[in-house]
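Inspection log for the structure reproduced underneath, given as structure tokens.
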Amino acid sequence: MKIINDIDTMKKWRNKGKKIAFVPTMGGLHQGHLLLVELAKENADRVVVSIFVNPTQFGEGEDFTDYPRTVEADLALLQVQGVDCVFMPSVEAIYPNGMALDVKVGEIGGILCGKTRPHFFNGVVQVVERLLEIVRPDVAVFGQKDYQQLHIIRQFTLAGSDPEIEIIAGKIMREKDGLAMSTRNQYLSVDERNIAPQLYKTLHQLHQGELDRKSASRQLQHYFKLDYLEMLDANTLKQITDNTSKIAILCAVFLGSTRLIDNIIFKRG
Ligand code: PAF
């Protein structure tokens, strides 16, 4: 497994004739990431994973400095997984001209998670564009847990940043009790970890029609500080209309100081 830190070497690594799949990550890897790597392997000849904790997607007071950095463990997992190349650039290499945000995602970046984290999607698109430009993959794989992120990245690559790259979504990996796997689950205390599965449980009850949206919100508020709970058209992230074919239940909550997100996407019955 090749480990590359500098941009020129990464750019040159790309072999003509080989199909490359790319899995961008911020490290702190768990089974959810490994599933993305599996998908990448199924869809290409060679797999590149990046580990880069991107400062521009964290707002003031967020967890940039505390974000789990577990490079040795991450590399060991990726090696076992048969990854061909790990790209671990420095902040200076990715942002040689400074970190001013030069991407404006627009309205879609200001709803749902973007309301609480107004910098977030501008920073994500900024770094994803940089990484795609350096790695130049044929396929890029993103997790569906960050559904709004996936939706925005799809819009941006289709709209021009690189329409040739196929974006593939990896399904949400869950713990046995239903909690969606996330690097940030490490922040939860034992008590919080016991409460956390109530998030998926409530979304599941809403999906099954055992709760309506109002009672689901009330139930979530019993356990968490509710950021949002929405049911939207999964293809547009706008209100459901007669033309809606797929629905997204999208939710974010705070449990202590940890923000958890989760979703259920389903075909309209
Ligand atoms: O989902 C993530 O881990 C990050 O937002 C990403 C896509 C790697 C960009 O930093």
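The values are calculated or read from the model by the stated rules, or taken from the named source; none is laboratory data. Just so it is clear, the structure is predicted and the values come from calculations on it, not from any experiment. Glycine gets a Cβ as well: all are built from the backbone with ideal geometry, and neighbour counts include every protein chain shown. Accessible surface is based on the protein model in full, side chains and every heavy atom, while ligands, DNA and RNA are left aside. Shrake-Rupley method; radii C 1.70, N 1.55, O 1.52, S 1.80 Å.
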What FRET efficiency comes out for Phe266 versus Ile195 if R0 is 22 angstrom and r is the Cβ-Cβ distance? Round to the nearest 0.05.
0.30
Report the charge-dipole magnitude of the chain in Debye, nearest 20, computed about the Cα centre from +1 at each Lys and Arg Cβ and -1 at each Asp and Glu Cβ.
500 debye
Whole-percent carbon and sulfur share, accessible surface of segment 89-208, 1.4 Å
50 percent
At 1.4 Å probe size, what's the solvent-accessible area of Arg14? Round to the nearest 10 Å².
60 Å²
Under 26 Å from the Cα of Lys246, which lysines turn up, not counting those fewer than eight places away in the same chain?
Lys115, Lys145, Lys171, Lys201, Lys214, Lys238, Lys267
Which FRET efficiency, nearest 0.05, do Asp8 and Lys115 yield, Cβ-Cβ r, R0 45 Å?
0.70
How much length would be gained if the chain were fully extended between Glu72 and Glu38, taking 0.36 nm per residue of separation minus their Cα-Cα distance, in nm to one decimal?
10.2 nm
Under a cut-off of 18 Å between alpha-carbon atoms, report the aspartates and glutamates in cross-link reach of Lys41, not counting same-chain residues fewer than 8 places apart.
Asp74, Asp84, Asp138, Glu166
Give me the base-10 log of I(q)/I(0) for segment 105-208 at each q in 0.23 Å⁻¹, Debye formula, one uniform scatterer per Cα, rounded to two decimals.
-1.23
For Asp102 and Thr65, what is the calculated FRET efficiency with R₀ set at 25 Å and r taken between the beta-carbons, to the nearest 0.05?
0.60
Express in Å², to the nearest 10, the accessible area of Ile51 obtained by rolling a 1.4 Å probe over the protein heavy atoms while all chains stay in place.
20 Å²
Roughly what would the spin-label model give for Lys214 and Val91, points 7 Å off Cα along C-beta, in nm?
4.8 nm
Gain on full stretching of the segment that runs from Arg174 to Lys225 - 0.36 nm per residue minus C-alpha separation:
16.2 nm
Averaged per residue, what accessible surface does the chain expose to a 1.4 Å probe, in Å²?
49 Å²
